Amino acid sequence: MSSAAILGAGPIGSAIAHRLAERARIGEIRLIDEGGAVAAGKALDIRQAGPVDGYDTAIAGTTDLLSAAGADVIVFADPVADGEWEGERGLALVQRLVRAGTSATFVFAGPKQTSLMEAAAREGRVPNDRLIGTAAATLPHTVSALLHVETGLSGAVVSVAGRPPSFVVAWSIATIGGRLVTEVVPAHRLASISQSLGKLWPPGPQAIAAPTAAVVEGLIAGVRLPVTASVITDGEFGARGISALMPIELGNRRILKRALPTQSPQERTETTSILSRRV
């Protein structure tokens, strides 16, 4: 049976657990939080909503962090008492799970976890194809929503690259209503939307839950189309060991393939500049 473990029953972890349960594509969900019975209580709430919302996904709560080691995918979220897993505390948990023998892919859902994801590769020695960040994966949807409001049109297709909290929108290839966005929206308005992304960061728990659930399911079941998420660079954009948002293909509980996003020369230079500041 496929399984996903979510480390932290705070707002982010609970939202991800609920979204996965609703979609009913994972055999078992483990919601894990050391804070007493909070994980068990939230798991019970999600399970009891199943008959009303039309799902019957197995979900349980526990306080045992190392019970995550046997899951297919481990999601780092936000314990109720301490907030997001990050810093030395987060890295210590990564290392504990590695020592416990886990072969799971680590999904970092929190917007504060970019540095932890990089440390997991650098110090935790977790292979790059088992590290994915999902908070920044909300940004293409955010930009699309802003374009819909700006133009009154629907069907926006947008690519975003970068490393939180700095991002580059690929306006050169973005489309809406079957037309290039640059033909519909004035350049100064596009610049305003780009500048607003920093102010809209970080995304909220519900926004994070949607792409995180899609990534977890893609890792376990595979997906036909690429998804956008943060990965650890291995030469892309001229950087190594840095988290960067790009299209990836998932399956067999790993990142199967990654690709540089299509960008204009100026957009590529801007993205490279963002990442080079982190080297």
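The values are calculated or read from the model by the stated rules, or taken from the named source; none is laboratory data. On a predicted model such as this, the values are computed, not experimentally measured, just so you know. Cβ: placed from backbone, ideal geometry, glycine included. Neighbour counts: every protein chain shown. These accessible areas exclude ligands, DNA and RNA; they are computed on the full protein's heavy atoms, side chains included. Shrake-Rupley method; radii C 1.70, N 1.55, O 1.52, S 1.80 Å.
If you take the charge dipole of the chain about its Cα centre, with +1 on Lys and Arg Cβ and -1 on Asp and Glu Cβ, which of L190, G218, V143 is farthest toward its positive end?
Positive-most Cα among the choices belongs to L190.
Mind listing the long-range amide H neighbours of A156? Cut-off is under 5 Å, sequence gap 5 or more, other chains count too, H placed in the peptide plane at 1.01 Å from N.
Sorted by chain and number, the residues that satisfy this are G177.
What's the center-to-center distance, using Cα atoms, between region 199-235 and region 244-278 in Å?
13 Å
Positive end of the charge dipole of the chain (Lys, Arg +1 and Asp, Glu -1 on Cβ, about the Cα centre): tell me which of L250, V52, Q266 has its Cα farthest that way.
Q266
What's the carbon and sulfur percent of the chain's accessible surface, probe 1.4 angstrom, rounded to a whole number? Let's see the in-between values first.
On the way: 6200 of 12010 Å².
C and S fraction of accessible area: 52 percent.
Rounding to the nearest 20 debye, state how big the charge dipole of region 1-126 is about its Cα centre with +1 on each Lys and Arg Cβ and -1 on each Asp and Glu Cβ.
260 debye
What list of ³J(HN,Hα) values in whole Hz, one per residue of region 116-125 in order, does the Karplus curve 6.51 cos²θ - 1.76 cosθ + 1.60 (θ = phi - 60°) give from phi, with Gly and Pro shown as x?
5, 4, 5, 5, 4, 6, 6, 9, x, 6
Could you point to the label whose value was computed as Rg and Dmax of the Cα atoms in Å for the structure here, given (i) 17.3, 53; (ii) 18.7, 56; (iii) 20.5, 83?
The value matching this structure is (ii).
What's the local net charge at A39, with K and R +1, D and E -1, over the other residues with C-beta under 15 Å away?
Net charge around A39: -4.
How big is the dipole moment of region 181-279 about its Cα centre under a simple scheme where the beta carbon of each Lys and Arg is +1, that of each Asp and Glu is -1, and everything else is neutral? Debye, nearest 20, please.
In debye, rounded to 20, region 181-279 gives about 220.
List, in order, the whole-Hz ³J(HN,Hα) value for each residue of region 71-86 obtained from phi through the Karplus relation with A = 6.51, B = -1.76, C = 1.60 and θ = phi - 60°; use x for Gly and Pro.
6, 6, 9, 10, 9, 8, 10, 9, x, 4, 6, 10, x, 4, 5, 7
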